[in-house]
1. For residues that are over 19 Å from Ala18 (Cβ atoms) and assigned to a helix (DSSP H, G or I), scanning just the range 48-69, find the one that is modelled with the highest pLDDT.
2. So which residues in the range 19-47 are of a type in the set (A, V, I, L, M) and in a helix (DSSP H, G or I), if there are any at all?
3. In the range 37-71, how many residues are within 17 Å of the chain's Cα centre (by Cα) and charged (D, E, K, R)?
4. Does Arg39 count as surrounded by 14 or more Cβ atoms within 10 Å (Cβ to Cβ), among the basic types (Lys, Arg) and on the phi < 0 side of the Ramachandran plot?
Amino acid sequence: MLVAREHSAVELQLLKLAEEASELSAAIMRVVNVSPWSRDEDELFAEFLGEVIDVELMLEQVKVYFDDKLFEPIIKAKLERYEQRLREHLLEAE
């Protein structure tokens, strides 16, 4: 668990992560919904990549506050679920 000092620090990191995730979401929408009046596609894609990196960096900073063991079973379960969905999709495609 987090001590009070760490709780305050992680809370700030989580708020920053939420901000970066929101910016990534907006960048994704701009890339997906390219319209004739929007900016150059290369510029939009570069912005998207920058936001992906920002989110990755913030995730790494937030994960420092938690034990890696907390993430391992969740990652395993999500990967297993993803693999199952992929198998089901491949079976449907046959």
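The values are calculated or read from the model by the stated rules, or taken from the named source; none is laboratory data. A quick note: this is a predicted structure, and the numbers were derived from the prediction, not measured. With ideal geometry, Cβ positions are generated from the backbone for all residues, glycine too; neighbour counts draw on all protein chains shown.
1. Narrowing the range 48-69 to residues over 19 Å from Ala18 (Cβ atoms): 49, 67-69.
Now drop any that are not assigned to a helix (DSSP H, G or I), which leaves 49, 68-69.
Working: Leu49: 98, Asp68: 83, Lys69: 88.
Checking each candidate, the answer is Leu49.
2. Ala21, Leu24, Ala26, Ala27, Ile28, Met29, Val31, Val32, Leu44, Ala46
3. Matching residues across the range 37-71 total 6.
4. Working: surrounded by 14 or more Cβ atoms within 10 Å (Cβ to Cβ): no; among the basic types (Lys, Arg): yes; on the phi < 0 side of the Ramachandran plot: yes.
Answer is no for this residue.
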